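Presented below is the structure to which this report refers.
The values are calculated or read from the model by the stated rules, or taken from the named source; none is laboratory data. Predicted, not measured: the structure shown is a model, and the values here were computed from it. Quick reminder, even Gly has a Cβ in these numbers, built from the backbone with ideal geometry, and neighbours come from all protein chains shown.
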Amino acid sequence: MNLFATLDQAATRLGDRGAVYRGAHQLHTWTQLHDRVLRLAGALRRTYTPGQRIAIASENRAEIIELFYAVWAAECVVVPINFKLHPREMVQILEDAGVATAFASPKIASELRPESPVGVELIGGPDYERLFNGPPAAVPDTDPSTLAWLFYTSGTTGRSKGAMLSHRNLTAMTVAHLADIDSPDENCSLLHAAPMSHGSGLYIAPYVLRGARQVVSESGAFDPDEFLDLCGLHPGSSAFLAPTMIARLVSTGRKAPPTLRTIVYGGGPMYVDGLKKAMTAFGPVFAQIYGQGEAPMTITGLRRADHESDDDAILGSVGYPRSGVEVAVLGSDCAYAEPGQIGEIVCRGDVVMSGYWNNAEATRTTVRDGWLYTGDMGSYDQRGYLTLRDRSKDVVISGGSNIYPREVEEALLEHPGVAEACVVGAPDPEWGEVVVAFIVGSAADGSLDTHLLDRIARFKRPKRYVFIDELPKNSYGKVLKRELRARLG
Ligand code: AMP
């Protein structure tokens, strides 16, 4: 089974309906998209052999959809690269993946070409369009274990690694999305707001399978006003947004157009306070996913209906295991943890990657006996909701007690003077580590202490508050805790 089947089905059923849009503008019907994909796959097959890696580095653009499908139909492997990376970081990925070629937008191509170890082909333009002039490819009967996507992790803890995702992994992800999170049809639309190289790109297959429109913004980036305008222009709009993007939407002060259907969020902590503000502004449109590149967007989820709960423990959780995925918490003795006991989250199922590209050692420590060791700490409650604590590396151990930064951050964010907060551990000769809170906002240390004492145990309170203008974030909007730790010396 080749992922191309998802497009094949939609095109057979929906022929002349609009498939791909830039802004309000229809670019291709399903028949046209299908035809372009097969011709592009034909061109790729004439130059590359199955299994070769083909990089795509671009701001969000409509062509990314046809490139993904054409690479899959040619049984090659897509290596999407976040366009916000530095050219040197892009080159590291090109080299690590051993790509045969890279397709890049004009802007990225001009930065990448001087450093790239392989040829860089322009997306768009006359040479690109000539690729569609030849005969279409015949799509092979692909073994589902065939590699489809090398997903480079966001590398918040070090150099990024290529999670190997097969056609089977991405099919399992597609089915679970439609079963648990959003079930669109041909009267719906997927708006690409987050980078299509990662978060948003993973959503292409489920929405294509259901014949929902694929919509890319004119700007190719995320602008909250442009996003809300686009939602109003397309029927049944859904999108994946990182929590920081949702905060930016809320800060526009605008209401959601009635055509906004679902906002799926995840990829980083969504604090309860922020979620409540978002629900007040936009209504009951939210669903949460917890996943990793290693089990793409599919470990647990909090359905839209769960968001109707007035229980903060549910709103602050990441929900429960996704369809077809087993999720367990392992205590320190590697036995299944009891409800309430914190341990490492592990999962298994058809969504789990086969390993890291060219990195047997990292694969051995991460995938054991079929279980993916996520590196995230969490606990189940009695009802089966999983609450994520922190990456195991981010847990602060002070005087022998484990302190989970997320809990302290949640409490800090309830203070009116705190706009953003990030808690890390700093080395301390007496305590081993002490809690330090970096804060964007303004509040007196004393008022923060009093505030926290009403909410969390005394020993979890930060020993220091450091006020900064903004938190350092990587190009996915994830806070770089290692940079904050480095600032502490
Ligand atoms: P990446 O593979 O770059 O997408 O990063 C995956 C990591 O992001 C996970 O291991 C978690 O630490 C974090 N993450 C993903 N989804 C969520 C979520 N819903 N809530 C909190 N953290 C999340």
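Looking at segment 332-360, which of its residues are surrounded by 14 or more Cβ atoms within 10 Å (Cβ to Cβ) and small (Gly, Ala, Ser)?
Matches in segment 332-360: Ala337, Gly343, Gly349, Ser354, Gly355.
Kindly list the number of the only condition in (1) at pLDDT 95 or above; (2) over 25 Å from Leu170 (Cα atoms); (3) part of a loop (DSSP other than H, G, I, E, B) that fails for Glu115.
(1)
If we keep just the residues of segment 376-403 that are more than 26 Å from Asp306 (Cα to Cα) and within 14 Å of the ligand (Cβ to nearest atom), which is modelled with the highest pLDDT?
Checking each candidate, the answer is Asp394.
State whether the residues of segment 151-173 include one that is modelled with pLDDT of 95 or more, away from the ligand (no atom under 16 Å from the Cβ) and surrounded by fewer than 14 Cβ atoms within 10 Å (Cβ to Cβ).
no
Taking Gly119 as meeting all but one of (1) away from the ligand (no atom under 16 Å from the Cβ); (2) in contact (Cβ under 8 Å) with a residue 60 or more places away in the chain, write down the number of the exception.
It is condition (2) that Gly119 fails.
For segment 201-212, how many residues are surrounded by fewer than 24 Cβ atoms within 10 Å (Cβ to Cβ) and either more than 18 Å from the chain's Cα centre (by Cα) or part of a loop (DSSP other than H, G, I, E, B) (or both)?
Qualifying residue count, segment 201-212: 3.
Out of Arg322, Arg348, which single residue is in contact with a Gly (Cβ under 9 Å, 6 or more places away or on another chain), closer than 11 Å to Leu372 by Cβ and modelled with pLDDT of 95 or more?
None of the others qualify; the one that does is Arg348.
For Glu326, are the conditions met, namely being buried (at least 16 other Cβ atoms within 10 Å of the Cβ) and of a type in the set (Asp, Glu)?
Criteria not met by Glu326.
For segment 371-470, list the strands (runs of 3 or more DSSP E) that sit wholly inside it and hold at least 2 residues that are closer than 20 Å to Leu275 by Cα; which are they?
On the way: elements: 371-380, 386-391, 396-398, 401-403, 418-428, 432-441, 464-467.
Filter on segment 371-470 gives 386-391, 418-428, 432-441.
Looking only at segment 220-239, decide whether some residue is in contact with an Asp or Glu (Cβ under 7 Å, 6 or more places away or on another chain), within 22 Å of Ile345 (Cβ to Cβ) and in a strand (DSSP E or B).
Scanning segment 220-239, I find no residue that is in contact with an Asp or Glu (Cβ under 7 Å, 6 or more places away or on another chain), within 22 Å of Ile345 (Cβ to Cβ) and in a strand (DSSP E or B), so the answer is no.
One residue is enough: does segment 473-481 have a residue meeting the conditions within 16 Å of the ligand (Cβ to nearest atom), in a helix (DSSP H, G or I) and surrounded by 14 or more Cβ atoms within 10 Å (Cβ to Cβ)?
Yes; the residues of segment 473-481 include at least one that is within 16 Å of the ligand (Cβ to nearest atom), in a helix (DSSP H, G or I) and surrounded by 14 or more Cβ atoms within 10 Å (Cβ to Cβ).
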